[in-house]
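Asker: One structure coming up, written as structure tokens, with questions to follow.
Read-outs throughout are calculated quantities, based only on the coordinates presented, and are distinct from any laboratory measurement. Remember, predicted model here, so these are calculated numbers, not experimental data. Cβ: placed from backbone, ideal geometry, glycine included. Neighbour counts: every protein chain shown.
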Number of protein chains: 2
Amino acid sequence: MPEDNVIYVGNKPVMSYVLAVVTQFNNGSEEVVIKARGRSISRAVDTAEVVRNKFMPNVEIRDIKISTEEIEGEGGQKANVSSIEIVLGLKR
Amino acid sequence: MPEDNVIYVGNKPVMSYVLAVVTQFNNGSEEVVIKARGRSISRAVDTAEVVRNKFMPNVEIRDIKISTEEIEGEGGQKANVSSIEIVLGLKR
């Protein structure tokens, strides 16, 4: 399952995503990817920073990518939304 | 003035920051840095994506950094806030 180490950040409190990331690493993942769209992007950055600064100093940011996704609204109209992908990995 | 090509993203509409970035490039900057903190981070990502996708296809993302800054609240209490720095540059 290649998507197994991906954490999608939404509207829950930051700490629930921090816990999810830390759990992934503790379960043996060598790399965890944090993804978010729209207004949740700030929360994704918070998640990465809290993991790194408060819980796992042995984790580093390997890559950060931003992009634009097209989403379909309720009425079928299309809108663009920005997204972010933060790749965290164990320091080698 | 080393900070001359920095655009700070706050609470205004995305298009006002897009315009600021495009103006910087049109004034001869080879590189423009977009900075934001806290909830404005999503807007900074939107700004970079709109510049790149709608206005300046010859601009690329050179680097993205995230970090944590300590800010002092009104009562003197300290809080951590995440920040982002997106470096845009003309494609070579």
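Asker: Does A:D63 meet the test of being more than 17 Å from A:N5 (Cα to Cα) and touching a strand residue (DSSP E or B) at 6+ places or on another chain (Cβ under 9 Å)? Walk me through how you get there before you give the answer.
Answerer: Working: more than 17 Å from A:N5 (Cα to Cα): no; touching a strand residue (DSSP E or B) at 6+ places or on another chain (Cβ under 9 Å): yes.
For A:D63, the condition - more than 17 Å from A:N5 (Cα to Cα) and touching a strand residue (DSSP E or B) at 6+ places or on another chain (Cβ under 9 Å) - is not met.
Asker: While we're looking at this one, here's another question. Counting only residues that are in contact with a strand residue (DSSP E or B) (Cβ under 6 Å, 6 or more places away or on another chain) and part of a helix (DSSP H, G or I), how many does the stretch B:1-16 have? Lay out the reasoning, then the answer.
Answerer: Kept after step one, since they are in contact with a strand residue (DSSP E or B) (Cβ under 6 Å, 6 or more places away or on another chain), are these residues of the stretch B:1-16: B:5-9.
Filter once more, so that each one left must be part of a helix (DSSP H, G or I): B:5.
So the answer is 1.
Asker: I need the full set of residues from the stretch A:1-46 which are of a type in the set (S, T, N, Q) and without any contact (Cβ under 8 Å) to a residue 12 or more places away in the chain, in order please. Quick ask: steps written out before the conclusion?
Answerer: From the stretch A:1-46, those of a type in the set (S, T, N, Q) are A:5, A:11, A:16, A:23-24, A:26-27, A:29, A:40, A:42; that's our starting set.
Result: A:S16, A:T23, A:N26, A:N27, A:S42.
Asker: Are any residues in the stretch A:62-82 touching a residue at least 12 places away in the same chain (Cβ under 8 Å) and touching a Gly at 6+ places or on another chain (Cβ under 8 Å), and if so, which ones?
Answerer: A:R62, A:V81, A:S82
Asker: What number of residues within the stretch A:83-92 are of a type in the set (V, I, T) and free of Cβ contacts under 8 Å to residues at least 40 places away in the same chain? Can you show your working first?
Answerer: The initial filter retains those residues of the stretch A:83-92 that are of a type in the set (V, I, T), namely A:84, A:86-87.
Filter again for free of Cβ contacts under 8 Å to residues at least 40 places away in the same chain, leaving none.
Total satisfying the criteria: 0.
Asker: Among (1) away from chain B (no Cβ under 13 Å); (2) out of contact with any Lys or Arg (no Cβ under 8 Å at 6 or more places or on another chain), which single condition is A:I41 missing?
Answerer: So the condition that A:I41 fails would be (1).
Conditions tested, residue by residue: (1) out of contact with any helix residue (DSSP H, G or I) (no Cβ under 6 Å at 6 or more places or on another chain); (2) within 14 Å of chain B (Cβ to nearest Cβ); (3) of a type in the set (D, E, K, R).
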position: A:V18; (1), (2), (3): no, yes, no
position: A:S29; (1), (2), (3): no, no, no
position: A:R37; (1), (2), (3): yes, yes, yes
position: A:R52; (1), (2), (3): yes, yes, yes
position: A:I86; (1), (2), (3): no, yes, no
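Asker: Here's another thing I want to ask about it. If I go through the stretch A:25-41 residue by residue, how many of them are buried (at least 20 other Cβ atoms within 10 Å of the Cβ) and either of a type in the set (F, W, Y) or more than 10 Å from the chain's Cα centre (by Cα) (or both)?
Answerer: So the count comes out to 1.
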